[in-house]
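Visitor: Below: one structure in C-alpha cells.
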Amino acid sequence: MSEITATATDRDAAVHTVRLEATNHDGSFLGKNVAPKKFAASAESGFAFADLLFGLDLGNDPTFGFAYPDWRGHLADVQFRPDMSTLMQWEPGLQSVIGDYWQTDGTPVGTCPRNLARKLVDRLATRGFTATVAVEIEATLFQESIHEARAKGYRDLTPLGGSAGTAYHLAKSKDWVDYMSAVARRLEEIGIEWEAWSDEDAAGQVELNLVPGDPISVCDAWARARQVMREVAFELGHTVTFMAKPTAGYGQASHVNLSLQRDGVNAFYAEDGPSPTMRHAIGGLLATIQGATSIVLPQITSYRRLVDLSGPPTTVTWGISNKTTAVRAVCGHPAYSRLEYRVPGADANLYLAVAAILAGVIAGLDGAIEPPEPVSDMAWCAPDLERLPNTITKAAAALEADPILREQLGDEFVDYWVGTRRWEWMQFHTAGGDPCAELSEWESTRYFEFP
Amino acid sequence: MTETTIGHATCEADAVDGVDIRIEDDASPIVRLIGRTIADSVRAHRADAVVAGVEGIVAVRSHDTPQAATISISNGVVAVSSGVFISPDVTLTVDLNARLAPVGEPAGEGDLAATSLALLSPPLPDWQVAAETFWAAARSVPGIPDVLVAVADGPDGLDQLVVGEGETHYVIAGPPELLAGIFSGADDLIAALSTGLIGVRGTLSQLSVLVAASWKVRYDV
C-alpha cells in the first residue's frame, strides 16, 4: 500500500482502488479495477487478462477468418504489466496506471498498441533521433445524456452548443462552454497539460490540443483525455463521441504532428525549406501511406470522411503549408518545423497511428527515400494524383502487401490487423450495415461509444 | 459515402462455359456470393443456355439485412454490382443464409424472374466432391490444418472422408447436404454452426482459419 501511494500524486493516501488501463487494437480504453493489496502483490509479475480483449470485435463477437498468433489460444491469458511511471491519482481513492500486454514467456504481445509504439520509438532512438508528437483530439458533443442517446440508437441527437457549425466560433451557448471548461479543469487536476480547445467545423464539434511531448507520454495523455471527455459528459448529462463521422455531416480527424530532434536540435529545420532528414521522412511516409491508411482509418465509417473538398486528404501527396495534402510540411522555423500527418480519423488508435508513422519515417531515413515533388496546387479533385484507399478492404490489402510496414511493424501485427479489418468488413455487410446509407444504424451502434 | 462507390465491373479471367460473368472491383460480399453462385450454376448446366436469349436488370435484396445487388444480363454477359441504383425489371427478395431461397414472390417480368432464380440455385454437389474442391481451395489459406476430416451422418450411417496429410487435424461432422453446402460455399460456416446441426473438433485458431477457407469458397476472398 505505502509503496503504491508513494509513487502517486500524494493528494490522497486513502486509495481504495487501482484502475489498470490500456487500449486494445481497436483503440478502446480497457482495463479492470483491482484492490490496492492485489495491485501491490502483482504489479511486478503482472495481471492476467483473457486474450479475448484482442479477440472480440466492437460488437462483442469473436473475430474469425485468419490465423491467430501463438498467444491467442482458447481464451488464454496475457499479462498486463503496469508502467509505474504512469501511476497517478484519477480521483480521491482511485489510482490509475497504464500498462502493456506481454506473453507469459516475457515477449510482447504483437498486437499490443503501446508495446508496438514503444518498439518504433526505441528503433528511432538507435538512429540518434528522438521524436516529439502532438495530437489534435476532435469530438462531437450532443445535448442528450448517454442514456437518452442509447435509447435513440445514437441518431437524431441534438448538437450541444447550437446547430450552427463554424470553426473558432466564440458565440457558443453556455452548456458547450461549461463542458469544455470542465474537461480542461479535470485535465489539470490529473496532470494532463492542454494547450487549446476550440469550436471545430461541425455543430457540436470540439478540438482539444494537448501539449506536445515524447510519443508514448502523448499517447497515454490522449487515451486519458478521451476518458476524461467521456466521464465529464456522463457527469454533465451529455454525450461525446469520437466516431470518424458521427452524423451524415462533417467528419472528424486526429491529425498527428511530428518533429525529430538530434542532439536537441530540430532535425526537420533548414533555412531554405525541408531539411534532408525531413525530406527522407516524407519519402518514407508517402511510400507507406497506402498501407498505413488501414491503421489510421480503422473502421468502416473512417472512409466516409474521405470526400474531396471536405477537409480530409484524399491523395498520396505532400506539400509545404498545404492542408489539402496528406502530409503537410511546416518549414522555416528552428522550433516549429514539423510534419503534420493528416490522414488519421478521430477513431484511430493513437498508439498504432504513431507506430505506423514512425515506421514510415524510419524507413525513409534508413533508405534515404526521396519524396516526389511537393504539391503546391489543391490536392483534391486532381485527375493525375494517386488516391488514398477509399475502403477498408482496399486499405487492408495495401497494408498486407506493404513490405516496409511488414518489416517495421512485424508480420504478427500486420496479419492480425488485416484479419480483423476483413472481419469488420464482413460484419458490416452481412450483419446489418448499409453501404448505401450516408451513415447506417449499424455503424452508429457499433462506433458511437466504442472506441 | 465511399462504401457506396460502384466500380467498373471487371471480367473474370476466363468466361464460365461461354458466359462472361463480371463483378465490380472491391466487391461486397453479396456481389461476390451472387457472382460465384451464378458461375456454379452455369458450370452445373454445362452450357450458356440459361443465359442465352435473356436480357434485363434484376435487383436482389436480402430479406433481413440492407444487402442488395443488381444483376445485369445482356448479350451473354452477366454483370453483378452493389446496391440497386436503377429501376429493375425484376426484384427478388432472398434469404442469403438459405442458399438464396426466395422470400415471397418475385416482382416483375416472369421469364426473367425464372431465369434469375435458376441462376441463383445451382444444384449442390456431392458432399465428398465438395470436400475435395474445398480442400483444394483451402490449402492456400495461411494456418490451415494439415488434415480435414469430414464426417457425414446420413441415412445409411456414418461416412468419412479424409483429405490432406500431416499432424494437425480438424473434424467437421454433420448431415451430408449441409456439409456439401458448407464445402461448396452455398452455406455460411458460422451460420451453419449456429444451427447445431454441424459439429467441429479442433482449436479455436483452426476454426478461425476454417472460416477464412469457407469465405474463400463462398465469397472468393
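The values are calculated or read from the model by the stated rules, or taken from the named source; none is laboratory data. Since this is a predicted model, take the numbers as computed values, not measurements. Quick reminder, even Gly has a Cβ in these numbers, built from the backbone with ideal geometry, and neighbours come from all protein chains shown.
Visitor: Test A:Thr317 against the stated conditions and say whether it is buried (at least 18 other Cβ atoms within 10 Å of the Cβ), within 14 Å of chain B (Cβ to nearest Cβ) and either closer than 25 Å to A:Asn209 by Cβ or of a type in the set (D, E, K, R) (or both). Reasoning before the result, please.
Guide: Values: buried (at least 18 other Cβ atoms within 10 Å of the Cβ): yes; within 14 Å of chain B (Cβ to nearest Cβ): no; either closer than 25 Å to A:Asn209 by Cβ or of a type in the set (D, E, K, R) (or both): yes.
No; evaluated as a whole, the condition is false for this residue.
Visitor: For B:Asp153, indicate whether it is of a type in the set (D, E, K, R) and either out of contact with any helix residue (DSSP H, G or I) (no Cβ under 6 Å at 6 or more places or on another chain) or in a strand (DSSP E or B) (or both).
Guide: Values: of a type in the set (D, E, K, R): yes; either out of contact with any helix residue (DSSP H, G or I) (no Cβ under 6 Å at 6 or more places or on another chain) or in a strand (DSSP E or B) (or both): yes.
Considered against the rule, which asks whether it is of a type in the set (D, E, K, R) and either out of contact with any helix residue (DSSP H, G or I) (no Cβ under 6 Å at 6 or more places or on another chain) or in a strand (DSSP E or B) (or both), B:Asp153 comes out as yes.
Visitor: Evaluate the following for A:Val375: is it among the β-branched types (Val, Ile, Thr), out of contact with any Phe, Trp or Tyr (no Cβ under 6 Å at 6 or more places or on another chain) and modelled with pLDDT of 95 or more? Break it down into steps so the answer makes sense when it comes.
Guide: Details: among the β-branched types (Val, Ile, Thr): yes; out of contact with any Phe, Trp or Tyr (no Cβ under 6 Å at 6 or more places or on another chain): yes; modelled with pLDDT of 95 or more: yes.
The answer is yes for A:Val375.
Visitor: Let me ask another. Could you tell me how many of the residues in segment A:395-423 are of a type in the set (D, E, K, R), closer than 19 Å to A:Glu443 by Cα and within 11 Å of another protein chain (Cβ to nearest Cβ)?
Guide: Narrowing segment A:395-423 to residues of a type in the set (D, E, K, R): A:400, A:402, A:406-407, A:411-412, A:415, A:421-422.
Okay, now just the ones that are also closer than 19 Å to A:Glu443 by Cα, so A:421-422.
Next, only the ones that are within 11 Å of another protein chain (Cβ to nearest Cβ) stay: A:422.
So the answer is 1.
Visitor: Does segment B:152-173 contain at least one residue that is surrounded by fewer than 21 Cβ atoms within 10 Å (Cβ to Cβ), aromatic (Phe, Trp, Tyr) and either within 14 Å of another protein chain (Cβ to nearest Cβ) or more than 15 Å from the chain's Cα centre (by Cα) (or both)? Please lay out each step first, then the result.
Guide: Restricting attention to segment B:152-173, the residues satisfying the condition of being surrounded by fewer than 21 Cβ atoms within 10 Å (Cβ to Cβ) are B:153-169, B:171, B:173.
From what's left, aromatic (Phe, Trp, Tyr): none.
Checked against the condition, which is being surrounded by fewer than 21 Cβ atoms within 10 Å (Cβ to Cβ), aromatic (Phe, Trp, Tyr) and either within 14 Å of another protein chain (Cβ to nearest Cβ) or more than 15 Å from the chain's Cα centre (by Cα) (or both), segment B:152-173 yields no hits at all.
Visitor: Please find, within segment A:431-449, the residue that is nearest to A:Thr140 (Cα to Cα) out of those that are in contact with a Gly (Cβ under 9 Å, 6 or more places away or on another chain) and of a type in the set (Gly, Ala, Ser).
Guide: This residue is A:Ser444.
Visitor: Is it the case, given these coordinates, that B:Ala192 is free of Cβ contacts under 8 Å to residues at least 24 places away in the same chain, within 14 Å of chain A (Cβ to nearest Cβ) and part of a helix (DSSP H, G or I)? Explain how you work it out, then say what you get.
Guide: Numbers: free of Cβ contacts under 8 Å to residues at least 24 places away in the same chain: yes; within 14 Å of chain A (Cβ to nearest Cβ): yes; part of a helix (DSSP H, G or I): yes.
So B:Ala192 fits the description; yes.
Visitor: Shifting gears a bit: Restricting segment A:214-238 to residues that are surrounded by fewer than 17 Cβ atoms within 10 Å (Cβ to Cβ) and not in a helix (DSSP H, G or I), which is farthest from the chain's Cα centre (by Cα)?
Guide: A:Gly237
Visitor: Could you grab the pairs with beta carbons closer than 8 Å, sequence gap of 6+ or different chains, first residue in segment A:424-445 and more than 9 Å from chain B (Cβ to nearest Cβ), second one of a type outside the set (Val, Ile, Thr) and not in a loop (DSSP other than H, G, I, E, B)?
Guide: A:Leu439/A:Arg304; A:Glu443/A:Phe428
Visitor: Can you find, within segment A:155-202, the residue that is surrounded by the most Cβ atoms within 10 Å (Cβ to Cβ) among those that are among the β-branched types (Val, Ile, Thr) and farther than 30 Å from A:Gln95 by Cα? Lay out the reasoning, then the answer.
Guide: Step one: list which residues in segment A:155-202 are among the β-branched types (Val, Ile, Thr), which gives A:158, A:166, A:177, A:183, A:190, A:192.
Now restrict to residues that are farther than 30 Å from A:Gln95 by Cα: A:158, A:166.
On the way: A:Thr158: 17, A:Thr166: 14.
Filtering first and then ranking leaves A:Thr158.
Visitor: Follow-up. What number of residues within segment B:1-49 are assigned to a loop (DSSP other than H, G, I, E, B), within 14 Å of chain A (Cβ to nearest Cβ) and modelled with pLDDT of 60 or more? It would help to see each step written out before you state the result.
Guide: Here is the first cut: in segment B:1-49, the ones assigned to a loop (DSSP other than H, G, I, E, B) are B:1, B:5-8, B:12-15, B:17-18, B:25-28, B:46-49.
Okay, now just the ones that are also within 14 Å of chain A (Cβ to nearest Cβ), so B:1, B:5-7, B:25-28.
From what is left, the residues that are modelled with pLDDT of 60 or more are B:25-28.
Qualifying residue count, segment B:1-49: 4.
Visitor: Would it be correct to say that A:Leu94 is exposed (fewer than 15 other Cβ atoms within 10 Å of the Cβ) and at pLDDT 95 or above?
Guide: Numbers: exposed (fewer than 15 other Cβ atoms within 10 Å of the Cβ): yes; at pLDDT 95 or above: yes.
The answer is yes for A:Leu94.
Visitor: Additional query: When you scan segment A:263-271, do you find a residue that is within 20 Å of the chain's Cα centre (by Cα) and either farther than 18 Å from A:Ala131 by Cβ or not hydrophobic (A, V, I, L, M, F, W, C) (or both), even just one?
Guide: Taking segment A:263-271 first, the residues within 20 Å of the chain's Cα centre (by Cα) are none.
No, segment A:263-271 has no match at all.
Visitor: Next up: Go through segment A:143-183 and count every residue that is aliphatic (A, V, I, L, M), in contact with a helix residue (DSSP H, G or I) (Cβ under 8 Å, 6 or more places away or on another chain), closer than 13 Å to A:Gly237 by Cα and outside any loop (DSSP other than H, G, I, E, B).
Guide: Within segment A:143-183, residues that are aliphatic (A, V, I, L, M), in contact with a helix residue (DSSP H, G or I) (Cβ under 8 Å, 6 or more places away or on another chain), closer than 13 Å to A:Gly237 by Cα and outside any loop (DSSP other than H, G, I, E, B) number 2.
Visitor: Quick check on segment B:53-82: of everything there that is of a type in the set (Gly, Ala, Ser) and farther than 20 Å from B:Ala101 by Cα, which residue is farthest from the chain's Cα centre (by Cα)? Explain how you work it out, then say what you get.
Guide: Looking only at segment B:53-82, we keep the residues that are of a type in the set (Gly, Ala, Ser), and these are B:53, B:56, B:59, B:62, B:68-69, B:72, B:74, B:76, B:79, B:81-82.
Narrowing further to those that are farther than 20 Å from B:Ala101 by Cα: B:53, B:56, B:74, B:76, B:79.
Working: B:Gly53: 25, B:Gly56: 22, B:Ser74: 22, B:Gly76: 21, B:Ala79: 16 Å.
That would be B:Gly53.
Visitor: Does any residue of segment A:304-313 turn out to be part of a helix (DSSP H, G or I) and either free of Cβ contacts under 8 Å to residues at least 24 places away in the same chain or small (Gly, Ala, Ser) (or both)?
Guide: First, the residues of segment A:304-313 that are part of a helix (DSSP H, G or I): A:304-305.
Remaining after also requiring either free of Cβ contacts under 8 Å to residues at least 24 places away in the same chain or small (Gly, Ala, Ser) (or both): none.
The answer is no; no qualifying residue exists.
Visitor: Can you find even one residue in segment B:88-96 that is on the phi > 0 side of the Ramachandran plot, more than 14 Å from chain A (Cβ to nearest Cβ) and crowded, with 17+ Cβ neighbours inside 10 Å? I'd like the intermediate steps shown before the answer.
Guide: First pass over segment B:88-96, keeping only residues on the phi > 0 side of the Ramachandran plot: none.
Taking every residue of segment B:88-96 in turn, none turns out to be on the phi > 0 side of the Ramachandran plot, more than 14 Å from chain A (Cβ to nearest Cβ) and crowded, with 17+ Cβ neighbours inside 10 Å.
Visitor: Now a separate question. Do you know which residues across segment A:374-389 are buried (at least 20 other Cβ atoms within 10 Å of the Cβ) and within 14 Å of chain B (Cβ to nearest Cβ)?
Guide: Correct list: A:Leu388, A:Pro389.
Visitor: Return yes when B:Val163 is in contact with a helix residue (DSSP H, G or I) (Cβ under 6 Å, 6 or more places away or on another chain) and among the β-branched types (Val, Ile, Thr) and no when it is not.
Guide: Numbers: in contact with a helix residue (DSSP H, G or I) (Cβ under 6 Å, 6 or more places away or on another chain): yes; among the β-branched types (Val, Ile, Thr): yes.
When the stated conditions are applied, B:Val163 passes them.
Visitor: Filter segment A:104-134 down to the residues that are over 18 Å from A:Val414 (Cα atoms), polar (S, T, N, Q) and modelled with pLDDT of 95 or more and list them by number.
Guide: Once the filter is applied, which keeps residues that are over 18 Å from A:Val414 (Cα atoms), polar (S, T, N, Q) and modelled with pLDDT of 95 or more, segment A:104-134 yields A:Thr126, A:Thr130, A:Thr132.
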